[in-house]
Each structure stands twice: as structure tokens, then as C-alpha cells.
1. In this structure, is L86 of a type in the set (A, V, I, L, M) and touching a residue at least 60 places away in the same chain (Cβ under 8 Å)?
2. Tally the residues that are in contact with a strand residue (DSSP E or B) (Cβ under 9 Å, 6 or more places away or on another chain), farther than 12 Å from H42 by Cβ and at pLDDT 95 or above, restricting the search to the range 54-63.
3. Name the single residue, out of those in the range 61-87 being more than 17 Å from A101 (Cα to Cα) and in a loop (DSSP other than H, G, I, E, B), that is most open to solvent (accessible area, probe 1.4 Å).
4. Given the range 1-52, what strands (runs of 3 or more DSSP E) lie entirely inside it while holding 1 or more residues that are touching a residue at least 12 places away in the same chain (Cβ under 8 Å) and open to solvent by less than 80 Å² (accessible area, probe 1.4 Å)?
5. When the residues of the range 92-102 are filtered to those that are open to solvent by 50 Å² or more (accessible area, probe 1.4 Å) and under 20 Å from I51 (Cβ atoms), which remaining residue is modelled with the highest pLDDT?
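The values are calculated or read from the model by the stated rules, or taken from the named source; none is laboratory data. Just so it is clear, the model here is predicted, and its values are computed rather than measured. So basically every Cβ, Gly included, is an ideal-geometry build from the backbone, and we count neighbours across all protein chains shown. Quick note on the areas: whole protein, heavy atoms, side chains included, nothing else; ligands and nucleic acids left out. Shrake-Rupley method; radii C 1.70, N 1.55, O 1.52, S 1.80 Å.
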Amino acid sequence: MLTQDNLADLLNALGFEKKGAIHRKLFGSAVLEVNFAKKEIHYPEAAGLIINERQTCNFDANKNFVVLECVHRLLEKGYKPEHIELEPKWKLGRGASGGRADILVKDNEASNE
């Protein structure tokens with residue numbers, strides 16, 4: 001299970017570079033960064049990755065580290081940041097309730113259909 005206690009070991013195993021409290025990995029011009037001092041996860045928004053809400057961008061829940069590892073693996077496999085979206089929402093049914101996913105991966109035409 002991924003936790004804050006073993007996150008640094010995971011990042012090291014995945015090839016992140018450590019500088020002080022920050023672990024960083026480059027994918028071309030896209031930067032994936034984890035700041036242990038601020039307990040924040042920074043995804044490559046400047047490279048086009050979309051974040052709809054910031055519930056997975058912190059250390060508040062262990063599942064956020066799983067999202068981080070998934071995004072890392074997508075980028076490592078060659079997916080472009082602009083084809084990755086975090087926490088998209090959908091309206092479901094007739095009521096006001098909806099659904100939210102952790103990660104949406106789009107195709108090369110940036111379509112999720």
C-alpha cells in the first residue's frame with residue numbers, strides 16, 4: 001500500500017530526482033513534482049494536463065499517491081499531458097447527482113469517446 005511513509009522510496013525507484021524536499025521528474029518539457037514540505041503533488045498543467053479539482057493534488061489520502069503513480073506511468077508510456085485529465089465530472093441520471101473519476105485518458109484526437 002502506498003503511504004506518505006513509503007512515497008519517497010517509490011519516487012526514487014521511479015527515477016525522480018530529489019532536491020531538498022522536492023522530488024521531480026521530467027517528461028520532455030512536462031514536469032511531475034512532489035513537494036514533501038508543502039505536501040503537494042504538482043502535475044504538468046503548463047504542458048496541457050487538465051485538473052478539474054485539486055482533491056488528488058495533496059497528501060490527504062493514500063489514493064492520491066496511486067493517482068500520481070498512474071499519471072507517471074501514462075507519461076512514461078508516452079501519453080501526452082494534454083490527453084490526461086484529473087477529476088473530470090459527469091452528470092448521471094435525472095437528478096443533480098453526478099460522478100467523478102480520478103483520471104480520464106483521451107485519445108490522440110483529445111476525445112474521451
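1. When the stated conditions are applied, L86 does not pass them.
2. Qualifying residue count, the range 54-63: 1.
3. In this case the residue turns out to be K77.
4. Fully inside the range 1-52 and qualifying: 22-27, 30-35, 40-42.
5. It comes out as D102.
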